[in-house]
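Okay, so here's the structure we're looking at.
The values are calculated or read from the model by the stated rules, or taken from the named source; none is laboratory data. Worth saying up front: this structure is predicted, and the values here are computed from it rather than measured. We place every Cβ from the backbone using ideal geometry, glycine too, and count neighbours over all the protein chains shown.
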Amino acid sequence: AQKVTQAQTEISVVEKEDVTLDCVYETRDTTYYLFWYKQPPSGELVFLIRRNSFDEQNEISGRYSWNFQKSTSSFNFTITASQVVDSAVYFCAPTPGSNDYKLSFGAGTTVTVRA
Amino acid sequence: DTGVSQNPRHKITKRGQNVTFRCDPISEHNRLYWYRQTLGQGPEFLTYFQNEAQLEKSRLLSDRFSAERPKGSFSTLEIQRTEQGDSAMYLCASSGIGQAPRQYFGPGTRLTVT
């Protein structure tokens, strides 16, 4: 059975601080994909990133960066120099990928950025 | 790209009534998904279509729930004999084909059963 865990329920930071969100995906699958979505107060889920289980390279895109360590099934997402508009619920959502396309969302981490 | 649209955005109904929601995916997308999200939780998968074929249904989808996607375009999700536990946000997403494609989500339909 697969299990996705977002241990942090809430994170509160002051604007310009960095925020790192943790996600652990336990699975026996060797091939899978990991997504991060953001859900601002308006409610609509916004796609952030997609990575596959073969790629452990850290990447940076603008203020976002991510770090995947397959040995620990840990997929972390960092927002650098946070802004008030980053306040949202962030979901980690893995999918087995090969013939199974449904996303299995974690419980989410609520990020509050204070001015 | 006009995005995924869902109607209605809000629905209040009395217990025991039937409700139907509609989702219009991005026009060129073959796959369409339904998820349900309750307060404070992440979305949970309900069912998905590839074109007009319903390929998977979650155990969450009881006999009171039915989804269709005639002609492989828009989809409807019907809940019969609604119960208070059905109160949730119902999310629709669509995607192209391929390995784990990005899913584009609609704004959701918030159902309140009184």
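I want to confirm something. Restricting to the stretch B:70-114 and keeping residues that are away from every other protein chain (no Cβ under 14 Å), of a type in the set (Gly, Ala, Ser) and closer than 30 Å to A:Arg51 by Cα, which single residue is surrounded by the most Cβ atoms within 10 Å (Cβ to Cβ)? Let's see the steps before the verdict.
Within the stretch B:70-114, the subset away from every other protein chain (no Cβ under 14 Å) is B:70-87, B:112-114.
Filter once more, keeping what is of a type in the set (Gly, Ala, Ser): B:72-73, B:75, B:85, B:87.
Within this subset, residues satisfying the condition of being closer than 30 Å to A:Arg51 by Cα are B:72-73, B:75.
On the way: B:Gly72: 16, B:Ser73: 13, B:Ser75: 25.
For the stretch B:70-114, the residue satisfying everything is B:Ser75.
I'd like to check something: does the stretch B:72-87 contain any residue that is in contact (Cβ under 8 Å) with a residue 40 or more places away in the chain and assigned to a helix (DSSP H, G or I)?
So far as the stretch B:72-87 goes, yes, one or more of its residues are in contact (Cβ under 8 Å) with a residue 40 or more places away in the chain and assigned to a helix (DSSP H, G or I).
Those residues that are closer than 22 Å to A:Phe91 by Cβ and of a type in the set (A, V, I, L, M, F, W, C), I need them from the stretch B:17-50; list them, please. Working first, answer last.
Let us first name the residues in the stretch B:17-50 that are closer than 22 Å to A:Phe91 by Cβ, namely B:21, B:23, B:25-26, B:29, B:31-48.
Residues satisfying the conditions are B:Phe21, B:Cys23, B:Ile26, B:Leu32, B:Trp34, B:Leu39, B:Phe45, B:Leu46.
Looking at A:Phe54 and the list (1) within 14 Å of chain B (Cβ to nearest Cβ); (2) in contact with a strand residue (DSSP E or B) (Cβ under 8 Å, 6 or more places away or on another chain), which single condition is not satisfied?
(2)
If you scan the stretch A:62-106, which residues turn out to be in contact (Cβ under 8 Å) with a residue 60 or more places away in the chain, within 14 Å of chain B (Cβ to nearest Cβ) and under 18 Å from A:Val46 (Cβ atoms)? Quick ask: steps written out before the conclusion?
Filtering the stretch A:62-106 down to residues in contact (Cβ under 8 Å) with a residue 60 or more places away in the chain leaves A:78-84, A:86, A:90-98, A:103-106.
Now drop any that are not within 14 Å of chain B (Cβ to nearest Cβ), which leaves A:90-98, A:103-106.
A:Tyr90, A:Phe91, A:Cys92, A:Ala93, A:Pro94, A:Thr95, A:Leu103, A:Phe105, A:Gly106 - these are the residues of the stretch A:62-106 that are in contact (Cβ under 8 Å) with a residue 60 or more places away in the chain, within 14 Å of chain B (Cβ to nearest Cβ) and under 18 Å from A:Val46 (Cβ atoms).
If the Cβ limit is 6 Å and pairs must be 6+ apart or interchain, which residue in the stretch B:1-14 that is within 18 Å of B:Tyr33 (Cβ to Cβ) pairs with which residue that is of a type in the set (Ser, Thr, Tyr)?
B:Val4/B:Ser94; B:Val4/B:Tyr104; B:Gln6/B:Thr109
Among what's in the stretch B:22-69 and is under 10 Å from the mean Cα position of the chain (by Cα) and aliphatic (A, V, I, L, M), pick the residue that is farthest from the other protein chains (Cβ to nearest Cβ).
B:Ala67
Could you tell me which numbered condition B:Glu44 fails, if it satisfies all but one of (1) buried (at least 16 other Cβ atoms within 10 Å of the Cβ); (2) over 30 Å from A:Glu10 (Cβ atoms)?
(2)
Name the strands (runs of 3 or more DSSP E) wholly within the stretch A:5-115 that hold at least 3 residues that are within 15 Å of the chain's Cα centre (by Cα) and of a type in the set (A, V, I, L, M)?
Working: elements: A:10-14, A:19-21, A:24-26, A:33-39, A:46-52, A:59-61, A:64-69, A:74-79, A:88-95, A:109-114.
It comes to A:46-52, A:88-95.
Scan B:Leu55, B:Leu60 and give me the residue that is over 19 Å from A:Cys92 (Cβ atoms), among the aliphatic types (A, V, I, L, M), modelled with pLDDT under 95 and touching an Asp or Glu at 6+ places or on another chain (Cβ under 8 Å). Outline the logic, then answer.
Numbers: B:Leu55 fails: touching an Asp or Glu at 6+ places or on another chain (Cβ under 8 Å).
Within the list B:Leu55, B:Leu60, the selection yields B:Leu60.
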